[in-house]
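Written out below as structure tokens is the structure these notes cover.
The values are calculated or read from the model by the stated rules, or taken from the named source; none is laboratory data. Remember, predicted model here, so these are calculated numbers, not experimental data. Virtual Cβ from ideal backbone geometry, glycine too; neighbours counted across all protein chains shown.
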Ligand code: UDP
């Protein structure tokens, strides 16, 4: 079998050329990084869980008409997605103060915000993904005003969807990050939710106990990351209640 062409290797995923033009295979690795890759580890099963969870969220978004890059899951670690041009922004939506916002503004973690707040960071690891304003985005041409309107609308729709889904299983969606890509259809471009939606890029707290069920477990050494992500997957019915994640890829054709 011909070796697939690797397009890009990131911290948590590797991208390969897909079987048809305009498609990409996203392979979810077990690598976990935090604090701009200063803290690193391999967490067995994390890639499998994020692949399943991201599929679940992207399919849910498709069902309510929120455009995204997901096409289909190929196996336990890989999914086929539409190739798109990623806008170099991390789009963060916050419902409760936490993390960098709490530090920056001196607001206690867990404080409910008066309304969802959307922030933009410029995607550049060397710079540590700095917070930027719409002025920077417009001046440097990273996105047009129309793009920004579409990005805001996508971000808020994802927030409503994810908050509701999580609330239904007793989890508070504190904040999350999405990435947005452009797909070209003839003369038109359309913006779609890209990358992944998983506990790696969300803050998820148990509503009753406040237990953290997201990457902060790794960032702050709060216990087993696999257990936390497995709990999210179990509550959502994404994996059988008794099984543990397979650590090796398994074909499910
Ligand atoms: N986030 C992310 N990737 C990043 C930065 C942030 O997925 O490079 C997510 C993070 O998991 C959280 C939200 O975006 O759900 C807000 O993160 P924050 O700005 O508070 O940064 P942190 O405290 O994680 O450095």
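What pairs come up if the first residue lies in the stretch 206-221 and is touching a residue at least 12 places away in the same chain (Cβ under 8 Å) and over 12 Å from residue 33 (Cα atoms), the second is more than 16 Å from the ligand (Cβ to nearest atom) and in a loop (DSSP other than H, G, I, E, B), and their beta carbons are under 7 Å apart, counting only those six or more places apart or on different chains?
Every condition considered, the pairs that remain are 206/170; 207/170; 208/170.
Among what's in the stretch 123-137 and is under 23 Å from residue 157 (Cα atoms) and more than 11 Å from the ligand (Cβ to nearest atom), pick the residue that is surrounded by the most Cβ atoms within 10 Å (Cβ to Cβ).
Per the criteria, the residue is 137.
Consider residue 102 carefully, then state whether it is part of a helix (DSSP H, G or I) and either more than 22 Å from residue 68 (Cα to Cα) or within 13 Å of the ligand (Cβ to nearest atom) (or both).
Yes.
Restricting attention to the stretch 159-190, report how many residues are in contact (Cβ under 8 Å) with a residue 24 or more places away in the chain, surrounded by fewer than 22 Cβ atoms within 10 Å (Cβ to Cβ) and either more than 16 Å from residue 67 (Cβ to Cβ) or under 18 Å from the mean Cα position of the chain (by Cα) (or both).
Within the stretch 159-190, residues that are in contact (Cβ under 8 Å) with a residue 24 or more places away in the chain, surrounded by fewer than 22 Cβ atoms within 10 Å (Cβ to Cβ) and either more than 16 Å from residue 67 (Cβ to Cβ) or under 18 Å from the mean Cα position of the chain (by Cα) (or both) number 12.
Would you point out the residue of the stretch 58-70, among those that are touching a residue at least 24 places away in the same chain (Cβ under 8 Å) and either in a loop (DSSP other than H, G, I, E, B) or in contact with a helix residue (DSSP H, G or I) (Cβ under 7 Å, 6 or more places away or on another chain) (or both), that is farthest from residue 100 (Cα to Cα)?
Looking at residues that are touching a residue at least 24 places away in the same chain (Cβ under 8 Å) and either in a loop (DSSP other than H, G, I, E, B) or in contact with a helix residue (DSSP H, G or I) (Cβ under 7 Å, 6 or more places away or on another chain) (or both), I get 64.
Of the conditions (1) closer than 21 Å to residue 121 by Cα; (2) modelled with pLDDT of 95 or more, residue 37 fails just one. Which one is it?
Here residue 37 clears every test but (2).
So which residues in the stretch 2-50 are at positive phi and surrounded by fewer than 13 Cβ atoms within 10 Å (Cβ to Cβ)?
Passing the criteria: 22, 35, 36, 37.
Of all residues in the stretch 212-226 being more than 16 Å from the ligand (Cβ to nearest atom) and surrounded by fewer than 16 Cβ atoms within 10 Å (Cβ to Cβ), which is farthest from the chain's Cα centre (by Cα)? If you could, list the steps in order and put the result at the bottom.
The first filter runs over the stretch 212-226 and keeps only residues more than 16 Å from the ligand (Cβ to nearest atom), leaving 223-224, 226.
Still in the running and surrounded by fewer than 16 Cβ atoms within 10 Å (Cβ to Cβ): 223-224.
Working: 223: 21, 224: 20 Å.
Across the stretch 212-226, the extreme among qualifying residues is 223.
Within the stretch 80-89, is even one residue surrounded by fewer than 20 Cβ atoms within 10 Å (Cβ to Cβ), within 16 Å of the ligand (Cβ to nearest atom) and assigned to a helix (DSSP H, G or I)?
Just the residues of the stretch 80-89 that are surrounded by fewer than 20 Cβ atoms within 10 Å (Cβ to Cβ), to begin with: 80, 82-83, 85-86, 88.
Those still in the list that are within 16 Å of the ligand (Cβ to nearest atom) too: 86, 88.
If we keep only those that are assigned to a helix (DSSP H, G or I) as well, we get none.
Among the residues of the stretch 80-89, not one is surrounded by fewer than 20 Cβ atoms within 10 Å (Cβ to Cβ), within 16 Å of the ligand (Cβ to nearest atom) and assigned to a helix (DSSP H, G or I), which makes the answer no.
Scan 176, 184 and give me the residue that is in a strand (DSSP E or B) and away from the ligand (no atom under 16 Å from the Cβ).
Being in a strand (DSSP E or B) and away from the ligand (no atom under 16 Å from the Cβ) holds for just one of 176, 184, which is 184.
How many of the residues in the stretch 195-211 are more than 13 Å from the ligand (Cβ to nearest atom) and either over 16 Å from residue 96 (Cα atoms) or in a loop (DSSP other than H, G, I, E, B) (or both)?
Of the residues in that region, 5 qualify.
Within the stretch 106-122, is even one residue within 13 Å of the ligand (Cβ to nearest atom), more than 20 Å from residue 191 (Cβ to Cβ), in contact with a helix residue (DSSP H, G or I) (Cβ under 6 Å, 6 or more places away or on another chain) and free of Cβ contacts under 8 Å to residues at least 40 places away in the same chain?
yes
With respect to residue 115, is the statement that it is out of contact with any strand residue (DSSP E or B) (no Cβ under 6 Å at 6 or more places or on another chain), surrounded by fewer than 18 Cβ atoms within 10 Å (Cβ to Cβ) and assigned to a strand (DSSP E or B) true?
yes
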